[in-house]
Amino acid sequence: MITLTIILGIVALCSAYSAGLTQIWVGTAAASAVVLLLAIAAIPSAWWLFDSVGGWVTALALWVGCTAFYHSLLCDAAPVVTDRRRQTPMIELKRRHVIGWSVGRYQVAFAFVSA
């Protein structure tokens, strides 16, 4: 069940990223709330988080921490390219995003092209 939760969490984050929801804090907060809810549902001993005020404060702190981490990981600033003729900044619309992990000698990467 925990493995399925990890897979669903990664799919939820990748879906939010490809939909562009992680570019704003509200979208990142929604995606991290889904991932955190999946994690709490998969771990049977984590239900104490909703039994008391201290548990709610702990869950809120986890949610804020996850949101800040996911937003710093998944938010891309729009690349600014300077036009050579006018020297004015313009936003380049097509970008390639690569999310990759390295474990020892092996590397796994996913590439997205956004318009």
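Tallying residues that are under 20 Å from L62 (Cα atoms) and touching a Gly at 6+ places or on another chain (Cβ under 9 Å) within the stretch 1-20 yields 1.
Return the only residue of A29, A19 being surrounded by 15 or more Cβ atoms within 10 Å (Cβ to Cβ) and either of a type in the set (A, V, I, L, M, F, W, C) or touching a Leu at 6+ places or on another chain (Cβ under 8 Å) (or both). Reasoning before the result, please.
Working: A19 fails: surrounded by 15 or more Cβ atoms within 10 Å (Cβ to Cβ).
Unique residue meeting the criteria: A29.
With respect to S52, is the statement that it is within 22 Å of I99 (Cβ to Cβ) and among the polar types (S, T, N, Q) true? The answer is no for S52.
Yes/no per residue for (1) closer than 15 Å to Y70 by Cβ; (2) not polar (S, T, N, Q):
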position: S18; (1), (2): yes, no
position: L21; (1), (2): yes, yes
position: A29; (1), (2): yes, yes
position: L37; (1), (2): yes, yes
position: A41; (1), (2): no, yes
position: P44; (1), (2): no, yes
position: L49; (1), (2): no, yes
position: T58; (1), (2): no, no
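Once the stretch 43-60 is narrowed to residues that are modelled with pLDDT of 85 or more and in a helix (DSSP H, G or I), the residue that is surrounded by the most Cβ atoms within 10 Å (Cβ to Cβ) is A59. Checking the stated criteria, S32 turns out to be under 15 Å from L73 (Cβ atoms), assigned to a helix (DSSP H, G or I), of a type outside the set (F, W, Y) and out of contact with any Gly (no Cβ under 7 Å at 6 or more places or on another chain). In this structure, S18 does satisfy being of a type outside the set (D, E) and touching a strand residue (DSSP E or B) at 6+ places or on another chain (Cβ under 7 Å).
The values are calculated or read from the model by the stated rules, or taken from the named source; none is laboratory data. Fair warning: this is a prediction, and the values are worked out from it, not measured in the lab. Cβ atoms come from the backbone with ideal geometry, glycine included; neighbour counts cover every protein chain shown.
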